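Colleague: So that we are looking at the same thing, I have put the structure below in structure tokens.
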Amino acid sequence: MTLTIEEAAAKARHVLGVDAERYPHAELEADLVCGGFAFDGGDRAAIIGYDGGYQTSMTELAGETIDMLVSGWLVEQRHRHGTGVPAAGTPAPAPATHPCPICGRPTGHQDRYPRSVCADCVGRVADASGRAVVAFNEGVSGGLIVFYVDSPTGAQSEIAGDVLESGRCWIDGIECTIGEARFGGVVVERLTD
């Protein structure tokens, strides 16, 4: 897990459009494969997953609580990762991993993304000229948006159109693809060896 609480809080503010307070949830935060951090924004809530995905809810309009949102997230993510719910007192099974094709560190494996890179390498994604970029889902229903990390008009205020249009990015000079993951989040995969 490389996602910090501060990074998760920033993403929660972005996707909710309001300042949200961290909602501590032991089971969610302890599951390093399927978990993440929860945030309460009053009438709305968000879960920011360790794997980059997220889920939001207009809790009042949906008639649900943040605990219901967390429970639904854990069920969905555990199904997606094939981990199931561990029996009480039993540790969760070790997640499948593969070596990051950029740095060699173990990274979570999904058959759909066999060449995915680790979170540390995702943090070094750049355009063809080496300018740092960051990608998010555009909204609750998905869609990919890519921003330059820094620009003359402020942090993450300029869309990285070439990366967004081509679906190509670079990490340490190595060409990769960048796109929206099937169940939310962003996936970066090494293009060639």
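Colleague: Going through region 102-138 one residue at a time, which ones are modelled with pLDDT under 90 and under 13 Å from the mean Cα position of the chain (by Cα)?
Modeller: Listed by number, the residues that qualify are GLY108, CYS118, ALA119, ASP120, VAL122, GLY123, VAL134, ALA135, PHE136, ASN137, GLU138.
Colleague: Only one of (1) part of a strand (DSSP E or B); (2) surrounded by fewer than 14 Cβ atoms within 10 Å (Cβ to Cβ) fails for THR107. Which number is that?
Modeller: (2)
Colleague: Give the residues of region 110-122 that are of a type outside the set (S, T, N, Q) and either part of a helix (DSSP H, G or I) or surrounded by 15 or more Cβ atoms within 10 Å (Cβ to Cβ) (or both), sorted by residue number.
Modeller: TYR113, ARG115, VAL117, CYS118, ALA119, ASP120, CYS121, VAL122
Colleague: Further question on the same structure: Among the residues of region 48-62, is there at least one that is without any contact (Cβ under 8 Å) to a residue 12 or more places away in the chain and touching a helix residue (DSSP H, G or I) at 6+ places or on another chain (Cβ under 9 Å)?
Modeller: Taking every residue of region 48-62 in turn, at least one turns out to be without any contact (Cβ under 8 Å) to a residue 12 or more places away in the chain and touching a helix residue (DSSP H, G or I) at 6+ places or on another chain (Cβ under 9 Å).
Colleague: Considering each of ALA12, ALA38 in turn, give the residue that is over 21 Å from GLY143 (Cβ atoms) and either assigned to a helix (DSSP H, G or I) or not assigned by TED's automatic domain parsing to the domain that holds CYS118 (or both).
Modeller: ALA38
Colleague: Out of all the residues in region 1-15, which are modelled with pLDDT of 85 or more and of a type in the set (A, V, I, L, M, F, W, C)?
Modeller: Once the filter is applied, which keeps residues that are modelled with pLDDT of 85 or more and of a type in the set (A, V, I, L, M, F, W, C), region 1-15 yields ALA8, ALA9, ALA10, ALA12.
Colleague: Kindly provide the set of residues from region 36-83 that are under 17 Å from the mean Cα position of the chain (by Cα), modelled with pLDDT of 85 or more and not β-branched (Val, Ile, Thr), ordered by number.
Modeller: Hits for region 36-83 are GLY36, PHE37, ALA38, PHE39, ALA45, ALA46, GLY49.
The values are calculated or read from the model by the stated rules, or taken from the named source; none is laboratory data. The structure presented is a predicted model; accordingly, all values stated were derived computationally and were not measured. Here the Cβ is made from the backbone with ideal geometry for all residues, glycine too, and neighbour counts use every protein chain on show.
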